[in-house]
Amino acid sequence: MTNKRILLITQNFYPEIGSAANRMKNLYQLLKLQDYDVTVLTTEPSYPYKNMYQNKNFWNDQALNMDKDIHRIQIKNRKYSISMINRLFYYLEMFFKMVFYILKDKNSYDFVLVTSPPIFVGMTGLLAKLRYKTYLFLDIRDLWPESLKGVGVFNYSFIIFIFNKIEKHLYKKADHIIVNSKGFKKHILQRTKISESNITFLPNGARNFELLSLKEKKEFKVIYAGNLGLAQDVEMIKQLAKQLNQYQIPLTVIGYGMEKNSLIDFVKANNLNNVKFKKPLTREKCLKIIAEHSIGVVTLKDREVFETVLPGKIIDYLTCMVPVVASVSGYSEQIIKKEKVGLVVSSKSVEEMLQKILYLKESQIIRNEMELNCREYTQSKFLWEKNIPLLMEVIESQNVKTLSHFYKEEQIK
């Protein structure tokens, strides 16, 4: 039997930073290790900034650099503008170029795995299903367009209406849906009448080699690592930085995104000497820096859609055995409390977040227990090597359906 062929369609991929690119890279590599024949259709790296990938340090995987199964399309439009209209043009250009690639492609595939958002990439997956006459696996990393409404900057009701229709259609036409947060299941089931058995939870996670050994922290330091965008409560981070400065507690920010410059300006205007900014780094270097800190901070705006998500930075903190102090609700809050890997701020109060940080600063025994809980939970729930069989199970179950259909046709003949 020949190896099953999979086309993986994604906007974000190695060497880009961020949880989306890291997720797709791990899926690609681990499926290949299991002898699946995987091809990637993606874009030239540009997240969060295109110019940063001129730095060879980000291209640190020679095997992937030489891999001829990775096909990249170039996008001329600028992507990460604060204007949602400019982003829309970017997504449309990406959509049409991916469609062109699919239409001219002479290969055949047993499965198409497409990840969304943006929803335009999901649409290319549906076209690929029709073009290759094969199964479609839809990987949902965020609820789109719900998250657009959640950040409160996209108020074109007619376009939102169209996106909602497309979203629902994609859910119905996918042969199987994969989600990186259990919180997404309820939304998808409410939007469609599909069976819950057609949805598989496959979380983001760490690789075995990324688990660092626990080291004694020389200094109590707080870190924020990740996107500083419209979904994150950057105002809360500003005020927290100001409060931490009064207690002379260092805050490291490894950040990028639309609101980064706003945070930098605030730090300068208030002479916050405790805040240190670092440019975006490779995942390996970023994890090492996170591990040097005592507390990882997470903030999300108070919107219903964000109650369903599990931010990638939380998993990164747990990977590095760094307890979390988070202003979140819903699914993330449940995990942090249940697994005792940090503390949750019950209100959008900067003072409460500060008090929880100070409490952990003075409670080293509790902090050490949380660090061990972080490691235990990561190893049990968030290791890619343990979770990739969940996806393989779905692939093989679809193959069984194909064989069953084949045998029925043979009997009819």
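Taking K and R as +1 and D and E as -1, what net charge do the other residues with C-beta under 12 Å from the C-beta of residue 30 add up to?
Taking every Cβ under 12 Å from that of residue 30, the sum is +3.
The alpha-carbon of residue 381 sits under 12 angstrom from the alpha-carbons of these aspartates and glutamates, leaving out residues fewer than 8 places away in its chain: 339.
Between 295, 357, 162, the GNM of the chain built on Cα springs shorter than 10 angstrom shows 162 fluctuating the most. Using a Förster distance of 41 Å, how high is the FRET efficiency between residue 89 and residue 348, based on the Cβ-Cβ distance and rounded to 0.05? E between residue 89 and residue 348, to the nearest 0.05, is 0.75. Per residue, the convex hull around the alpha carbon atoms of the stretch 74-143 comes to 85 Å³. Largest mean-square fluctuation among 173, 133, 218, in a Gaussian network model of the chain whose springs join Cα atoms under 10 Å apart, belongs to 218.
Whole-percent P(r), the chain, all Cα pairs, 10 Å bins from 0: 4, 21, 32, 26, 12, 4, 1, 0, 0. In this rough spin-label picture, where each label sits 7 Å from Cα along the Cβ direction, the residue 35-residue 201 distance is 3.2 nm. The simple spin-label model puts a point 7 Å past each Cα toward its Cβ; for residue 247 and residue 72 those points are separated by 4.3 nm.
Each Cα pair under 8 Å and six or more residues apart adds its sequence gap; the mean of these over the residue count of the stretch 1-94 is a relative contact order of 26 percent. For the stretch 24-44 and the stretch 345-375, compute the distance between their C-alpha centroids and round to whole Å. Value for the Cα centre distance between the two parts: 38 Å. FRET efficiency for the residue 265 to residue 3 pair, using the beta carbon distance and R₀ = 41 Å, is estimated at 0.20. Ranking 206, 140, 295 by Cα position along the charge dipole of the chain, where only Lys, Arg, Asp and Glu carry charges on their C-beta atoms, puts 140 farthest toward the positive end.
Between the Cα long axis of helix 364-381 and the first principal axis of the chain there is an angle of about 0°, rounded to the nearest 10. Considering only alpha-carbon pairs that sit under 8 angstrom and 6 or more positions apart, the relative contact order computed for the chain is 13 percent.
Label positions at residue 156 and residue 358, each projected 7 Å from the Cα along the C-beta direction, are separated by 4.8 nm.
Filter 25/106; 172/348; 104/285; 217/279; 50/356 down to the pairs with a C-alpha to C-alpha distance above 28 Å, please. Where the Cα-Cα span goes over 28 Å, the pairs concerned are 172/348; 104/285; 50/356. Between 62, 398, 239, the GNM of the chain built on Cα springs shorter than 10 angstrom shows 62 fluctuating the most.
Can you give me the angle between helix 19-33 and the longest principal axis of the chain, using Cα atoms only, in degrees from 0 to 90, rounded to the nearest 10? It is inclined by approximately 50 degrees.
Net charge dipole, the chain: roughly 760 debye, given to the nearest 20, about the Cα centre with Cβ charges of +1 for Lys and Arg and -1 for Asp and Glu.
All of the numbers you see were taken from the coordinates with simple rules; none came from a lab. Please read all numbers here as calculations on a predicted model, not as lab measurements. Positions of Cβ are generated from backbone atoms using ideal geometry, with glycine treated the same way; all protein chains shown enter the neighbour counts.
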